[in-house]
1. Within region 308-328, is even one residue free of Cβ contacts under 8 Å to residues at least 40 places away in the same chain and either within 16 Å of Ala469 (Cα to Cα) or out of contact with any Leu (no Cβ under 6 Å at 6 or more places or on another chain) (or both)?
2. Looking for whichever is more than 20 Å from the chain's Cα centre (by Cα), farther than 27 Å from Leu508 by Cβ and crowded, with 18+ Cβ neighbours inside 10 Å here; the options are Gly48, Gly104. Which one fits?
3. Working only within region 274-288, note down all residues that are assigned to a loop (DSSP other than H, G, I, E, B) and surrounded by 14 or more Cβ atoms within 10 Å (Cβ to Cβ).
4. Among the residues of region 229-257, which ones are more than 22 Å from Val389 (Cβ to Cβ), of a type in the set (D, E, K, R) and touching a residue at least 12 places away in the same chain (Cβ under 8 Å)?
5. Picking from Val256, Val175, which residue would you name as being exposed (fewer than 13 other Cβ atoms within 10 Å of the Cβ), aliphatic (A, V, I, L, M) and out of contact with any His (no Cβ under 8 Å at 6 or more places or on another chain)?
6. Tell me which residues, restricted to region 346-397, are of a type in the set (Val, Ile, Thr), part of a helix (DSSP H, G or I) and more than 30 Å from Ile415 (Cα to Cα).
7. Test of understanding: among Ala146, Ala131, which residue is assigned to a helix (DSSP H, G or I), exposed (fewer than 14 other Cβ atoms within 10 Å of the Cβ) and among the aliphatic types (A, V, I, L, M)?
8. Is it the case that Gly324 is surrounded by 19 or more Cβ atoms within 10 Å (Cβ to Cβ), in a helix (DSSP H, G or I), more than 23 Å from the chain's Cα centre (by Cα) and not acidic (Asp, Glu)?
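The values are calculated or read from the model by the stated rules, or taken from the named source; none is laboratory data. Every value quoted in this text rests on a predicted model; they were computed, and no experiment measured them. Reconstructed Cβ throughout: ideal geometry from the backbone, glycine too, with neighbour counts over all protein chains shown.
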Amino acid sequence: MVVAAVAVVALTWLWAALVQLVVWRPYAAARAFARQGVRGPAYRFFVGNNEEVKAMRAATSGVTLDLRSHDFISRVMPHYRAWTSRYGKVFLSWYGSRPTLCVGDYDMVKRVLSDRSGLYAKTDPGPDILALLGMGLVFTEGDDWARHRRVVHPAFAMDKLKSMTSTMAACAAEVIGAWAARAAAKRNDKELITIEVGHQFQELTADVISHTAFGSSYRKGKEVFSAQRELQFIAFASINNVRVPGSQYAPTKANVRRWQLERKVRATLMEIIHERLAAAKESRGYGTDLLGLMLEANAAGGGKRVVMSMDEIIDECKTFFFAGHDTTSHLLTWAMFLLGTHPEWQQRLREEVIQECGGADAPIHGDALNKLKLVTMVLYETLRLYGAVIMVGRVATADADLCGVKVPRGTVLMIPIAMLHRDEEVWGADAGEFNPLRFRDGVSRAAAHPNALLSFSIGPRSCIGQDFAMLEAKATLAMILRRFTFEVAPEYVHAPADYLTLQPMKGLPVVLKLLDP
């Protein structure tokens, strides 16, 4: 009887908690926002708007765009396009039972991303994304974030990055040299070659981060790359599913595979780190790559006290390995797409590269890359139109007043970067067009709002690796432009897709023509 009574009490408590979570709280939040004029699609019990989102995405999955159209919103974010047109730039939707506020106003975005008090924290990434990126700089908060950044920051100082330029160029030279050899073999037959550059850039940037992050252990770094690619697709497949507490522990096929890949990534990184620590004990130093610089900064007090644990170092390795290759590869891919469809800009960049960096056989130097103003403008415009991350989220850790909108604690704030980058009120009437000249006076003067370009975020949590990504992209583009003219192949299908990062759905085939020596 006692057991039965306890069971009844427990079930009653659980039922009350469930009703509070999936009935009363959504009702109260919707009413609170409605009183302020903030509306959106109706809440549906437990699943929120998740099923609507899936249906709208499925309906637009077969849509393709004209080569000169950069408006992929209706294809990749059809729910945001529909709800914005109906409810305005700021509206309420539901991820399961959680209220989710679309923050489509730049002043509100600046307030959220510039916050230093912890009022707007990173959202819970969930087990799938956490397996991919780790609990590194991207997701840590407060004192933990400050501690991590203090260790990682020295590795991304500009003088350190410039010293890595030769490594970046050497990796690019291997790929581009293979293209040139293929093109030269076809030159006598007057045939052109077609290369699917999307996959090639993924391999290249993984090679670059493997060398620059792990030095002589780069082959093991490539094993991490392979595992993380699979983890990325596992994470994307679950992104619109309602998260049931405890489901990450169920031995489903996806969970079992995720566990296997997590163990592989961890074991590989542990092996690399232990080799480096052993070398340091033998007075050979930690090395000058990203991992070595991080380990050196971590060994404060002459090695007697470390700032980060081994698990934290592994998580940072996961973070900068994935972020360091995936986003840069897509930046290069979309830049090639834009230059391949705008030959006049391609020629302008080629002339600038040859003037500042020399001919095809001249070595690439960091100082010369920093003089490539037109290349920088094109890369910024590529990030605006085809930035790898199309949306970021935060969560209100307490009741907040966000530019006049009262936001209850626990509300998720979604910032639709891709839509904001097409806001004509901020970017002008040509916001949907490719126009690198908007950046001729720098990023802060490119639009009506000084913090309008959000590809690397803004504020204290802006991307620590943005200089690394830009330097690598400049070096690779410069080397390609000196060797080839190119255009997008006729078989290319313009269908940008979001697999956690924005990429061409079927790759990017490019027709290459070798320039005369």
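1. Step one: of region 308-328, the residues free of Cβ contacts under 8 Å to residues at least 40 places away in the same chain are 309, 311.
Narrowing the set further to residues that are either within 16 Å of Ala469 (Cα to Cα) or out of contact with any Leu (no Cβ under 6 Å at 6 or more places or on another chain) (or both) leaves 309, 311.
Checked against the condition, which is being free of Cβ contacts under 8 Å to residues at least 40 places away in the same chain and either within 16 Å of Ala469 (Cα to Cα) or out of contact with any Leu (no Cβ under 6 Å at 6 or more places or on another chain) (or both), region 308-328 yields at least one hit.
2. The conditions single out Gly48.
3. If we filter region 274-288 for residues that are assigned to a loop (DSSP other than H, G, I, E, B), which is where we start, we get 282-288.
Residues satisfying the conditions are Tyr286, Gly287, Thr288.
4. Within region 229-257, the subset more than 22 Å from Val389 (Cβ to Cβ) is 242, 244-257.
Checking which are of a type in the set (D, E, K, R) leaves us with 253, 257.
Scanning region 229-257 gives a single hit, Arg257.
5. Numbers: Val175 fails: exposed (fewer than 13 other Cβ atoms within 10 Å of the Cβ).
Only one candidate passes the filter, namely Val256.
6. Taking region 346-397 as the starting set, the residues that turn out to be of a type in the set (Val, Ile, Thr) are 353-354, 364, 375-376, 378, 382, 389-390, 392, 395, 397.
From what is left, the residues that are part of a helix (DSSP H, G or I) are 353-354, 375-376, 378, 382.
Residues satisfying the conditions are Val353, Ile354.
7. Details: Ala131 fails: exposed (fewer than 14 other Cβ atoms within 10 Å of the Cβ).
Checking each option against the conditions leaves just Ala146.
8. On the way: surrounded by 19 or more Cβ atoms within 10 Å (Cβ to Cβ): yes; in a helix (DSSP H, G or I): yes; more than 23 Å from the chain's Cα centre (by Cα): no; not acidic (Asp, Glu): yes.
Answer is no for this residue.
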